[in-house]
Amino acid sequence: MVVLHGVRQAPDGRPPRCPPPNDQHVPDNILPLSHAELLELKRWNTPTIYNGWEQITSRDAGRDCFNLEETHDFMPQMGPMVGYAVTVVIEPGNPVHKTANANAWSEYRRYVASVPGPKVVVVQDLDKPATFGAFWGEVNSNIHRALGCVGAIVDGSIRDVDEMTNAGFKALARRLSVGHAYSTPIRWACEVEAFGTPITPGTLIHADKHGFLAVPAEDTPGLLNAARRMDSFECQTMIQTARNAAGKSTEALLNEIDDACARFGDLAKNEFSGKAGEWA
């Protein structure tokens, strides 16, 4: 093996690719959410989904499963996107990829097409922290939309923002680029790292202008109900109290807010067996 720009090359000069996708990341007893459930999840922003998720997860909700670095939503008007991760690794700054595998694009697209949708493409750019070119633009967005993808999370750059939006393809990325450089798939269907967070194929992604949440498979069955309940608890207690502040003295209002926060905590505790987290 030799190493070029951080990518280990096989003896024939081709970068190694991951094995074909399989179900090893999802326990057999966990079924994908229905299309209706995904549509309901899409009705809330990502922080609201996080508020529900933190009540049901055994992960460290203060550190795990969300972007640890800043993302930029270049199509905020499209609202949240929800789908299951398909993954790809790129290195646009390395010219060897232009000729390393003539079938790379075709093989990669067949992988994407083989996975049920809706899908979010999660892209790791090995040029990081540099950015030389965009994997995404008008053409790639239209092709991926046709293959059942709703958007992408790109730890690199995108271009053709207006044309991507017209294709109905949403993207979170680090920045914009003018060119595509030597963008081509070099590995896919494998764990990637995006914005400081590892993501495996098949992970449920919820993303919007705030960032993204990569929901572990074991947390997906209870996610929708948890988000519903936490949103309802906030409306019944703290938000309602704050909105009814008119005409009240400061002391009375502060006492009512204290009571509302306590009621919220009790509701969450009773619903989620004492696992309620902090709120803001």
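The values are calculated or read from the model by the stated rules, or taken from the named source; none is laboratory data. Bear in mind the structure is a predicted one, so any value in this text is a computation, not a measurement. Neighbour counts run over all protein chains shown; Cβ positions are idealised from the backbone, glycine included.
Looking only at region 182-202, count how many residues are farther than 16 Å from ALA61 by Cα and β-branched (Val, Ile, Thr). Talk me through it step by step, then tell me what you get.
Within region 182-202, the subset farther than 16 Å from ALA61 by Cα is 182-195, 200-202.
Still in the running and β-branched (Val, Ile, Thr): 184, 186, 192, 200.
Total meeting the criteria: 4.
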Quick one: is LEU254 surrounded by fewer than 20 Cβ atoms within 10 Å (Cβ to Cβ) and touching a residue at least 60 places away in the same chain (Cβ under 8 Å)? no
Pick from SER232, SER183: which is at pLDDT below 95, of a type in the set (Gly, Ala, Ser) and either crowded, with 22+ Cβ neighbours inside 10 Å or touching a Phe, Trp or Tyr at 6+ places or on another chain (Cβ under 9 Å) (or both)? SER183
For ALA85, are the conditions met, namely being over 30 Å from ALA134 (Cβ atoms) and at pLDDT 90 or above? no
Would you be able to tell me the number of residues in region 159-207 that are under 26 Å from ILE49 (Cα atoms) and not in a loop (DSSP other than H, G, I, E, B)? 18
Considering residues of region 115-137 that are without any contact (Cβ under 8 Å) to a residue 60 or more places away in the chain and among the β-branched types (Val, Ile, Thr) only, the residue surrounded by the most Cβ atoms within 10 Å (Cβ to Cβ): VAL121
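Based on what the data block shows, is VAL120 in a strand (DSSP E or B) and in contact with a Lys or Arg (Cβ under 8 Å, 6 or more places away or on another chain)?
Working: in a strand (DSSP E or B): yes; in contact with a Lys or Arg (Cβ under 8 Å, 6 or more places away or on another chain): no.
Criteria not met by VAL120.
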